1. How large is the charge dipole for the stretch 41-115, taken about the Cα centre, if only the Cβ atoms of Lys, Arg (+1) and Asp, Glu (-1) carry charge, to the nearest 20 debye?
2. Report the dimensions of the stretch 84-137 along its three principal axes from the alpha-carbon atoms, largest first, rounded to Å.
3. Between ARG142 and ALA30, what is the label-to-label distance in nm when each label sits 7 Å out along the Cα-to-Cβ direction?
4. Please list the non-local residues whose amide H lies under 5 Å from the amide H of LEU69, H modeled 1.01 Å from N, same-chain partners needing a gap of 5 or more.
5. If packing is taken as the average number of other Cβ atoms within 10 Å across a peptide's residues, how do 57-70, 102-115, 17-30 rank, most packed first?
6. Expressed as a whole percentage, what fraction of the accessible surface of the stretch 1-72 belongs to carbon and sulfur atoms when a 1.4 Å probe is rolled over the protein heavy atoms?
7. With each label point set 7 Å from Cα along the Cα-Cβ vector, what nm distance links GLU57 and HIS92?
8. Where q = 0.12, 0.14, 0.16, 0.17 Å⁻¹, what log10 of I(q)/I(0) comes from the Debye formula for the stretch 2-87, counting one point per Cα?
Amino acid sequence: PPRDELSTPELDRLRARRERVYAAGSVTMASGEAFEIFPAGIREWPGLWLRDAIVREGAQRTIETGFGLGLSALFMIEGAVEAAHLAGRPMHARHTAIDPGQRDEFDSAGLINLESAGVSARLELIEDDSLLALPRLIDAGRRFDLAFIDGQHNFDSTLIEDREPL
């Protein structure tokens, strides 16, 4: 069932950006060229489900492996910002993304997408392999409320990405 969505200038900008991206079917890269959002990006309905799960759980510190076009990050940041506002802590919403190919493989499309949504200050991008970055985050004592594992899709990497605790 649809829920009443909180409205703030930041959330309104975020939602408007997300709607424009899905209507256009592409995001812009640093080169100025369009990058088609499919098949690399998350479809809208799973993204909305992810956003709603974040709000339902009250998750304000989120992490994902595989940043790519920044589409899942749009949904995750939207959910975290909404959850933080509902908890009375609007400045606590933070998203960490791990992706070694953001600048090379995706020509900064994800970064540009989040900047266009006005939420790049809420992002910490770790441009490294998740096999290396996740253990370092654990060793540093970093904790997250919700993780979306959508990075490397091979057996060995999935075992490391699924390591507890996050």
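The values are calculated or read from the model by the stated rules, or taken from the named source; none is laboratory data. Keep in mind that this is a model prediction, so the values were computed, not measured. As a convention, Cβ positions derive from the backbone with ideal geometry for all residues, glycine included, and neighbour counts pool all protein chains shown. Each accessible area value is taken on the protein alone, full model and side chains, heavy atoms only, with ligands, DNA and RNA left out. Shrake-Rupley method; radii C 1.70, N 1.55, O 1.52, S 1.80 Å.
1. Details: 7 positive and 11 negative charges, 71 e Å.
With Lys and Arg at +1 and Asp and Glu at -1, about 340 debye.
2. 37, 29, 12
3. 2.1
4. none
5. Details: 57-70: 23.2, 102-115: 19.9, 17-30: 15.8.
Highest-to-lowest ranking by the protection proxy: 57-70, 102-115, 17-30.
6. Values: 2090 of 3830 Å².
Of all accessible area on the stretch 1-72, carbon and sulfur atoms account for 55 percent.
7. Distance between the two pseudo-spin positions: 1.5 nm.
8. The calculated log intensity ratios at q = 0.12, 0.14, 0.16, 0.17 Å⁻¹ are -0.35, -0.48, -0.62, -0.69.
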